[in-house]
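Trainee: Would you mind keeping the following structure in view while I ask a few things?
We did not get these values from a lab; they are worked out from the coordinates using the rules stated. Just so it is clear, the structure is predicted and the values come from calculations on it, not from any experiment. Positions of Cβ are backbone-derived with ideal geometry, glycine not excepted, and every protein chain shown enters the neighbour counts.
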Amino acid sequence: MCTEERDIYKPYIELANYAVDEVSKNIGKPILLDAGCGHSNALKDVYEKCHTTIGVDIDKEGLKLNSLLDKKIHANLIDIPIPDNSVNIITSAWVFEHIKEPEKFLREMDRILSSGGYLVFIAPNRKSWFSFIASIIPQRIHGFINKLIYKRAEEDTFPKYYRLNTEKDIDKILLSKLKYKKVKFKYNDSPKYIGFCSLTKPISKLWHRIVMKEKNKKLRVHILGLYSKP
């Protein structure tokens, strides 16, 4: 993972570490489930602080490539074959935008998460320019664009719905229906999305300065959350 990518993950890692530390104070090392883990190594240091790490993903090939997990489960995230209240922390990176049925997904997360546990996520912000453009581009060419501009493998591109990608949409289910507590919610940005070549880097730096002003935070490309289960 390059330095720029690590900068993107830094606030997500901080939230995950906070969750691990809080749970560890009460029950010792936690059981962590990474929902939609893929082959990412972003949470390597967080995993090492846990008793057990479980990865769940619909992408079997991506799951095979992940060497950091104690247990791997190939499954849909709205039907995970593990018992109720069996994990202490759920992490999820770049998954919410792919969720077609948000309430089913969050209720499944709630089912497997123990009382006092934490849900931690990072996802695209639907109100950002990036998500708006991505939502109007036909799904069939997303893979080609990601490969051309961002050098990502086409097979790492999955359908996007953006039905769980605003603070309001998330709170509507987690706070209002499931009665979770919102511990932290953040908006973050990265100049890398516009600055993919020398011609666009000056524009990306200018835009980054604009959105990093507090009054413009809801235009940033990423949202991050830390919610606790009662």
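Trainee: Give me, ordered by chain and number, the residues 5 or more places off G117 or on other chains with an amide H under 5 Å from its own placed amide H.
Mentor: Placed amide hydrogens put K229 under 5 Å from G117.
Trainee: Taking the Cα centre of the range 3-228 as origin and charging only Cβ (+1 Lys, Arg; -1 Asp, Glu), how large is the dipole, in debye to the nearest 20?
Mentor: Dipole about the Cα centre, nearest 20: 900 debye.
Trainee: Among the aspartates and glutamates, which fall within straight-line cross-link reach of K215, defined as a Cα-Cα distance under 15 Å, with same-chain neighbours fewer than 8 residues apart omitted?
Mentor: Straight-distance partners of K215: D189.
Trainee: Tilt of helix 201-211 relative to the longest C-alpha principal axis of the chain, in degrees (0 to 90, nearest 10)?
Mentor: Long axis of 201-211 versus the principal axis of the chain: about 50 degrees.
Trainee: Please work out how much length the chain gains when fully extended from N216 to E48, using 0.36 nm per residue of separation minus the C-alpha to C-alpha distance, in nm with one decimal.
Mentor: So the extension gain works out to 56.9 nm.
Trainee: Next question, about the same structure. With just the Cα atoms defining each centre, how far is the range 108-129 from the range 42-77? Give it in Å.
Mentor: Answer, in whole Å: 16.
Trainee: Another question about this same structure. Below 13 Å, Cα to Cα, which aspartates and glutamates can K186 reach? Residues fewer than 8 away in the same chain don't count.
Mentor: Cα-Cα hits under 13 Å: E14, E167, E214.
Trainee: Which Cα, out of H222, C37, I80, lies furthest along the positive dipole direction of the range 3-228 (beta carbon charges, K/R +1, D/E -1)?
Mentor: H222
Trainee: Ranking C37, C50 by Cβ neighbours within 10 Å, fewest first, what do you get?
Mentor: C50, C37
Trainee: Right, next: Which of Y118, Y18 comes first, and how do the rest follow, when ranked by fewest Cβ neighbours within 10 Å? Walk me through the numbers before you get to the answer.
Mentor: On the way: Y118 27, Y18 15.
Sorted ascending by nearby Cβ count, the order is Y18, Y118.
Trainee: Only counting other Cβ atoms within 10 Å, I'd like K229, K218 sorted with the fewest neighbours first.
Mentor: K218, K229
Trainee: Sequence neighbours fewer than 8 away in the same chain don't count; with that in mind, list the aspartates and glutamates whose C-alpha is under 13 Å from K192.
Mentor: Cross-link targets: E4, E5, D7.
Trainee: To the nearest 500 deg cm²/dmol, what mean residue ellipticity at 222 nm is calculated for the chain from DSSP H runs of n ≥ 4 alone, each contributing -39,500 (n - 2.57), summed and divided by the residues?
Mentor: Calculated at 222 nm, the ellipticity per residue is -10500 deg cm²/dmol.
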